[in-house]
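In what follows, a structure is listed as structure tokens, so that the remarks can point back to it.
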Amino acid sequence: MTLKAVEINNLSIKYNEQLVLKDINLSIEDKDFMAIIGPNGGGKSTLLKVILGILNPDNGGVKVFGREPKKARDLMGYLPQNLDFDHDFPINVFETVLTGRYHGLFKGYTKEDHNAVWHALKDVEMYDFKDRQISRLSGGQMQRVFIARAIVREPKLLIMDEPMASIDPEMQHSFYELMSRLKNKMTIILVSHDVGAVSTHVDKIACLNQKLFYHGPVEDSANGLEEIYHCPIELISHGIPHRVLREH
Amino acid sequence: MLEFFQYQFMQRAFIAAVLVSIACGVVGSYVVIKRIVSLSGAISHAAFGGVGLGYFLGVNPVLAAIPFSIISAMGIGGIRQITNISEDTGIGILWSVGMAIGVIFINLTPGYAPDLFSYLFGSILTVNNTDLLIMLTLDVIIVAVVYIFRREFLAVSFDEEFSKVVGLPSLLIYMLLLALVALSVVVLIKVVGVILLIALFTIPAAISKQYTYNLRKLMILATIIGIILTSLGLILSYIFNLASGATIVMVLAAAFVISYYLKD
């Protein structure tokens, strides 16, 4: 039996006395490619942060490859949602990706780290921009740099928060192409509110709105879409035209 | 023209200008790119509490400001970790409470506080050898710490959350950065005073970041610009017999405006 990539048991978490996630049970197999969908404020990012060990659950537990999240960080790569940094921030593309190879206090970056950065930048087709200051890129290019930063430590679990948000439509294709290359090497979890675009590419879907409404293969969900869309998502617009959603 | 270099107090003032510019160039660069300017302003005002404590205890006010401003910096950095008070509110409170503590200590101190004004608005011409030694020591500490933790400071300044995920002790590094801000504040107190020093912290780095996208170059450039502008302010204040701290700030502000328009 192989170790599950992520195992979540009876997880609940509060934020400012508000229950954000309630009784979440979710297991993600190694090499799964899963999209977590749901409305804004449904707890998607929160769930990712619990998996990453940035937030601690109030109840229940999370295991990442059998370990506590904080102890499994060397196995995880992370693409945060929109980043807010100073427009003139003195950092270039190469240095940005290099921070993904951080080893610890008093430990410098090695030749191997530099090679890994070159590799990651080539993977996302941003090598030619390696000396560019980070703000001097388009939204889509910047996103690819941050993807490179997430995969540069060759994680076993890649976690992406709204990776499509700032990618222009023509880049979506190359994004999924990259994902299909990566998914043989690692487990991928991405959060999205755009089910239509996502569902044709990922293998599994989890629908989250405070509670977990459905999780499983996309194919099965096709028959029981009703089930998924129990969560009131007006955001599900692209793939499923004219569907009237019930208020939950 | 150069006759004022003959005066010892002038020589000391120029050395002081160099020493403050190093602290400002190095730590000020982080302050500007990490956008903790107002937080640094709060730490600088809070340092006045330490100055008052120094008067009260009869020790060198600059030395007394060191632990005081470090503790305030830790307090403000920690406040968002343990309470749900926003950092912004914390800044506002610390800003005035530090000053108030200073004023009360000075009230409690018998007699008249002679050079109180210089701690508020700076007086680079009265910097003595002890002050220079303190400034030099703190500069050495600041530069050494920044050199040792340069990777961490860069990563945390750019993206604190991601840094945490790659296993970097973000909070610790952030606190260390605030401690450096506190030490730099102490370096600057005698020269521009707690009220004006935030200009010296921000302006050289803000000018420089328009011209380079490399952090090391930014720090060096900000230091050089700091030395030039502070010295210029010092000379002008001498020629026109104006308060040195305020003149330095005005020169910095003018340089910022000019550089902003030159850039376009």
- Query: Tell me, which residue of the range A:148-172 that is among the hydrophobic types (A, V, I, L, M, F, W, C) and modelled with pLDDT of 90 or more is nearest to residue A:128 (Cα to Cα)?
  - Reply: A:148
- Just one of (1) buried (at least 19 other Cβ atoms within 10 Å of the Cβ); (2) over 15 Å from the mean Cα position of the chain (by Cα) trips up residue A:86, so point out which. (1)
- Taking the condition within 13 Å of the chain's Cα centre (by Cα) and either among the aliphatic types (A, V, I, L, M) or at pLDDT 90 or above (or both), does residue A:186 pass? yes
- Item | Single condition residue A:175 does not satisfy, out of (1) modelled with pLDDT under 85; (2) in a helix (DSSP H, G or I); (3) surrounded by 16 or more Cβ atoms within 10 Å (Cβ to Cβ) | (1)
- Message: I'm checking my understanding of the structure. Among residues of the range A:41-55 that are touching a residue at least 40 places away in the same chain (Cβ under 8 Å) and not in a helix (DSSP H, G or I), which one is farthest from the other protein chains (Cβ to nearest Cβ)?
- Response: A:42
- Note on the structure: In the set B:184, B:157, the lone residue that is buried (at least 23 other Cβ atoms within 10 Å of the Cβ), within 14 Å of chain A (Cβ to nearest Cβ), out of contact with any His (no Cβ under 6 Å at 6 or more places or on another chain) and modelled with pLDDT of 95 or more is B:157
- Does residue A:13 count as more than 30 Å from residue B:208 (Cα to Cα), more than 10 Å from chain B (Cβ to nearest Cβ) and at pLDDT 90 or above? yes
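The values are calculated or read from the model by the stated rules, or taken from the named source; none is laboratory data. As the structure is a computational prediction, the values presented were derived from the model and not from experiment. Don't worry about glycine lacking a Cβ; one is built from the backbone with ideal geometry, like all the others, and counts go over all protein chains shown.
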